[in-house]
1. Mind checking which residues of the range 8-56 are among the small types (Gly, Ala, Ser), in a loop (DSSP other than H, G, I, E, B), on the phi < 0 side of the Ramachandran plot and touching a strand residue (DSSP E or B) at 6+ places or on another chain (Cβ under 9 Å)?
2. So how many residues does the range 76-98 have that are assigned to a loop (DSSP other than H, G, I, E, B), out of contact with any Cys (no Cβ under 6 Å at 6 or more places or on another chain) and either among the basic types (Lys, Arg) or at pLDDT 90 or above (or both)?
3. Could you grab me the full set of residues in the range 195-228 that are open to solvent by 20 Å² or more (accessible area, probe 1.4 Å) and not in a loop (DSSP other than H, G, I, E, B)?
4. Only one residue in 173, 167, 159 is of a type in the set (D, E, K, R) and surrounded by 17 or more Cβ atoms within 10 Å (Cβ to Cβ), so which one is that?
5. Tally time: how many residues in the range 122-166 are within 23 Å of residue 214 (Cβ to Cβ) and acidic (Asp, Glu)?
Amino acid sequence: LVFEPVAPFRLAVLRSNGDMEVWNSHDSSWTRSVFVPAVVDAPLRRLCWSVRSASSNVHGDKILSCGLHGVITEWDLRTISPSRSWDSYGGAAWCMALDSRSGRLAVGCEDGGVSLFETADDPTLCTHRLPPQGARVLSIGFNPQGTHVVTGGADGCVRVWHVSSLRLASHARLESEMRRKPPLVWAVLLLSDLVAVSADSSGHVTFHDGRHGTLVRRFASHQADVLSLAISADESQIFASGVDHKVSLFTPLPAEAPPLPAAMAMLAVTLAAPPRAWVLSYSRRPHTHDIRALA
């Protein structure tokens, strides 16, 4: 499930069989405006809305898809056909995220690397590749400013990268809970204050400081895999859900300024604000089956 970043805020839906749909909302009622049937031998994994002009931030009737066949495709919703496609340069493409400001597309690949594309250009160019880390990249996301990208891997690691320098800013390894294999990081978010939020196969939702990789808070909020995360526009609410059909809501506590020693206060020295503290506000079970996507 992916909402269009600008009005009219249509909803793109990818079904488990590969069908793609676009839904419009009018007066609290939903209508399906576009249906693209599944393509044979093209197992799709993710969708996102395409940006056609980085300077004007124009979103047209275009949707990007990636899949385990290792191809990224741009679909023209007016003709219901692919307009262009290109290779992921890293094998199967498990996830992708688009920075709406710059039109930069990040694709997480089977080889553990991340391919960065400039989608506003035609033809689309692979400008950089973040080096492979040894395990497939299962989840990926930009921070709202587009300066950093966070990845979650099959090795149980959450990594934050600086996009301009292509350098690793922080690296955090999730606890395996006495299991032989590390948890799978199914979903990640990167907030404006560089707090990385991850959801994994052990049922935990974890908050890390993306600047240093230190743990902020860890919640055992679910009894099975947490498959999806969603965040409100003002970053005041984070939702998580997964196999146990529970939806959990996390909210931040009011930010507190760190106390300054007297000597530093006299010198007018300021300290960097610490990450906000988060709490589990409530959880509900509105469904009877797996919840695989939130938007």
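The values are calculated or read from the model by the stated rules, or taken from the named source; none is laboratory data. Here the structure is a predicted model, which is why all the values come from computation and not from measurement. Methodologically, a virtual Cβ is constructed for each residue, glycine included, from the backbone with ideal geometry; neighbour enumeration extends over all protein chains shown. Note: areas computed on protein heavy atoms with side chains; ligands, DNA, RNA excluded. Shrake-Rupley method; radii C 1.70, N 1.55, O 1.52, S 1.80 Å.
1. Just the residues of the range 8-56 that are among the small types (Gly, Ala, Ser), to begin with: 12, 16, 18, 25, 28-29, 33, 38, 42, 50, 53-56.
When the remaining residues are screened for being in a loop (DSSP other than H, G, I, E, B), the result is 16, 18, 28, 38, 42, 54-56.
Now restrict to residues that are on the phi < 0 side of the Ramachandran plot: 16, 38, 42, 54-56.
Result: 38, 42, 54.
2. The first filter runs over the range 76-98 and keeps only residues assigned to a loop (DSSP other than H, G, I, E, B), leaving 77-80, 88-92.
Within this subset, residues satisfying the condition of being out of contact with any Cys (no Cβ under 6 Å at 6 or more places or on another chain) are 77-80, 92.
Within this subset, residues satisfying the condition of being either among the basic types (Lys, Arg) or at pLDDT 90 or above (or both) are 78, 92.
Selection size over the range 76-98: 2.
3. 214, 215, 216, 217, 218, 227
4. Working: 173 fails: surrounded by 17 or more Cβ atoms within 10 Å (Cβ to Cβ); 167 fails: surrounded by 17 or more Cβ atoms within 10 Å (Cβ to Cβ).
Within the list 173, 167, 159, the selection yields 159.
5. Residues flagged as within 23 Å of residue 214 (Cβ to Cβ) and acidic (Asp, Glu) within the range 122-166 amount to 1.
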